[in-house]
Amino acid sequence: DLKEALYHYKLSAEMNYPPAMFNLGAFYENGMGCEPDIEEALKWYTASAQAGYTAAIYKLGKMHAFGKGGLPVDENKGIELVLEAAKNGFPRAEYNVGLHYFYDDLPLEVDLEKAETYFRRAASKGHADAYYQLAKVYYEKISNDEKNDILREECWAYILTAADLGSEEAISIVNSFNEKHNDQN
């Protein structure tokens, strides 16, 4: 019963329990057991983040970056909070920071080594898309050094791992490879 869960999260949140504050924010954001109320969600995410709850720090960073909950769009504040969550070991934040360092259209400057570091951290915690992005980092390195067979093998290993963990992009690549290989035999 979502209304009952909302009631209990609210009780726990009012007792300053950061995970409950975060969950209460999610309930308000998604209208679970109540009408959606993004401002109320922001209030609880903020309280949870101020209490040091890493998932809330990440969520608040994303809200700043996209201007949700009545916040103005502030990519700098958003990335600052996402970086904080990544430094605290939150896999989605680590992955997100890796993306920022990998692509040139995001607030941080492209830095393949930093991208690789953050993707590795997220991948070590089982983040499927981080494995896929590691393969893309290695592909970039291969394109700068085509004779590096070790990088090529590692790139393929990351794609296979990402596929095993459910990354749709990696699964597509593996399926395409298998189809081409089967056609050649």
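Quick notes on this one:
- Within region 45-80, the set of residues being among the aliphatic types (A, V, I, L, M) and farther than 14 Å from PHE22 by Cβ comprises ALA65, LEU71, VAL73, ILE79.
- Under the condition of being open to solvent by 40 Å² or more (accessible area, probe 1.4 Å) and under 17 Å from TYR58 (Cα atoms), the residues counted in region 1-29 number 1.
To keep it simple, each residue is scored yes or no on (1) polar (S, T, N, Q); (2) in contact with a helix residue (DSSP H, G or I) (Cβ under 9 Å, 6 or more places away or on another chain); (3) part of a helix (DSSP H, G or I).
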{"position": "LYS77", "(1), (2), (3)": "no, yes, yes"}
{"position": "ALA85", "(1), (2), (3)": "no, yes, yes"}
{"position": "ALA93", "(1), (2), (3)": "no, yes, yes"}
{"position": "ASN96", "(1), (2), (3)": "yes, yes, yes"}
{"position": "PHE119", "(1), (2), (3)": "no, yes, yes"}
{"position": "GLN133", "(1), (2), (3)": "yes, yes, yes"}
{"position": "GLU153", "(1), (2), (3)": "no, no, yes"}
{"position": "ALA163", "(1), (2), (3)": "no, yes, yes"}
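- Search result, residues across region 1-46 that are within 24 Å of VAL82 (Cβ to Cβ) and of a type in the set (Lys, Arg): LYS43
- Tabulated pairs, region 14-42, first within 20 Å of GLY67 (Cα to Cα), second of a type in the set (Asp, Glu) and in a loop (DSSP other than H, G, I, E, B), C-beta under 9 angstrom, 6+ apart or interchain: TYR28/GLU35; TYR28/ASP37; GLU29/ASP37; GLY31/ASP37
- When LYS125 is tested against (1) open to solvent by 50 Å² or more (accessible area, probe 1.4 Å); (2) of a type in the set (Lys, Arg); (3) outside any loop (DSSP other than H, G, I, E, B), exactly one condition is not met: (3).
- Restricting region 31-73 to residues that are charged (D, E, K, R) and either at pLDDT 95 or above or part of a helix (DSSP H, G or I) (or both), the residue that is most open to solvent (accessible area, probe 1.4 Å): GLU35
- Residue check for VAL110: in a helix (DSSP H, G or I) and not aromatic (Phe, Trp, Tyr): no
- Set ASP104, ASP164, ASP183: member being over 20 Å from the mean Cα position of the chain (by Cα) and without any contact (Cβ under 8 Å) to a residue 40 or more places away in the chain: ASP183
- Selection from region 77-118 of residues that are surrounded by fewer than 20 Cβ atoms within 10 Å (Cβ to Cβ), of a type in the set (A, V, I, L, M) and in contact with a Phe, Trp or Tyr (Cβ under 8 Å, 6 or more places away or on another chain): LEU108, VAL110, LEU112
- Among residues of region 62-87 that are more than 13 Å from TYR45 (Cβ to Cβ), those with a beta-carbon under 7 Å from a residue that is among the acidic types (Asp, Glu) and crowded, with 21+ Cβ neighbours inside 10 Å at least six positions away or on a different chain give the pairs ALA86/GLU94.
The values are calculated or read from the model by the stated rules, or taken from the named source; none is laboratory data. Computed from a prediction, not measured in an experiment: that's the story for all the values here. Don't worry about glycine lacking a Cβ; one is built from the backbone with ideal geometry, like all the others, and counts go over all protein chains shown. Accessible surface is based on the protein model in full, side chains and every heavy atom, while ligands, DNA and RNA are left aside. Shrake-Rupley method; radii C 1.70, N 1.55, O 1.52, S 1.80 Å.
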